[in-house]
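Chemist: The structure's right below; bear with me while I get my questions together.
The values are calculated or read from the model by the stated rules, or taken from the named source; none is laboratory data. If you're wondering where the values come from, they're calculated on a predicted model, not measured in any experiment. Counting neighbours? That spans all protein chains shown, and the Cβs are built from the backbone with ideal geometry, glycine included.
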Amino acid sequence: MSRLIYSLFLIYSLAACSLGGGPAPQDHFYKIPEVVLDAQANSSFDELVIKPVKSSGLYHERAILFIESDKPLELQRYHYSFWSTTPAELIHNALYEGLQSSNIARHVARDLSASRADYIIDSRIVHFERMIKNQPANHLVSIEVALEISVRKGGVAGVVWTKRYSIRNNLQTTDMHSSAQAFGEALKTIAAQLVADLIANSN
């Protein structure tokens, strides 16, 4: 009997050692702050449609992605840090919030089920990741957001204009919450640039 108890104790001890002897890491989920732009006094359009954002590869997944500065071609993902939803959905919602709050149009729709729009906006994720600095630098982490956005007139085939919007924000902290805030600030900047370009190209 004593031998059995000893054997069970040994098995438990080995299992605890193999797991590090501590609690399992917890998953953490992050969202981005709401995007609110300054509202125009008068709307420039009757209706705009911001279609769902296109993504491919790892950008389909909720895991937060990163690149180490000394391995710029290797896209990696965190095992316990996730977005609250997919990057495409986060970005789509941020662009919608930006357009709607800006009062650039009387109505902003998320799909083509609405009536004929003045402009239809397509977008695709190019970059949406953290860059980790492995060498001495004046910042520890940077976040990079790049979107390719195409705009066409409602009911008319062909693209009116296409532009790549790219923002990189440098951070002095590795804190993931600060990175989520920085991603939100980058998307706010892109939304503001998109509003300005829509107005400029409509004249």
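Quick grid of which residues meet (1) within 26 Å of LEU198 (Cα to Cα); (2) surrounded by fewer than 18 Cβ atoms within 10 Å (Cβ to Cβ); (3) in contact with a helix residue (DSSP H, G or I) (Cβ under 6 Å, 6 or more places away or on another chain):
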site	(1), (2), (3)
VAL49	yes, no, no
ILE64	no, no, no
TYR80	no, yes, no
ALA88	yes, no, no
LEU95	yes, no, yes
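Chemist: From the list ALA137, ALA146, ALA105, exactly one residue is among the hydrophobic types (A, V, I, L, M, F, W, C) and at pLDDT below 95. Which is it?
Modeler: After applying the criteria, what remains is ALA137.
Chemist: Next question. What single numbered condition from (1) closer than 21 Å to SER56 by Cβ; (2) among the basic types (Lys, Arg); (3) crowded, with 19+ Cβ neighbours inside 10 Å fails to hold for LYS188?
Modeler: (1)
Chemist: Okay, next question. Would you point out which residue out of HIS177, HIS127, HIS107 is in contact (Cβ under 8 Å) with a residue 24 or more places away in the chain and part of a helix (DSSP H, G or I)?
Modeler: Sole residue among the options that is in contact (Cβ under 8 Å) with a residue 24 or more places away in the chain and part of a helix (DSSP H, G or I): HIS177.
Chemist: Which numbered condition trips up ASN201, out of (1) surrounded by fewer than 14 Cβ atoms within 10 Å (Cβ to Cβ); (2) without any contact (Cβ under 8 Å) to a residue 60 or more places away in the chain; (3) more than 20 Å from the chain's Cα centre (by Cα); (4) not in a helix (DSSP H, G or I)?
Modeler: (4)
Chemist: On the given criteria, is ALA39 over 23 Å from LEU140 (Cβ atoms), modelled with pLDDT under 95 and either aromatic (Phe, Trp, Tyr) or not in a strand (DSSP E or B) (or both)?
Modeler: No; evaluated as a whole, the condition is false for this residue.
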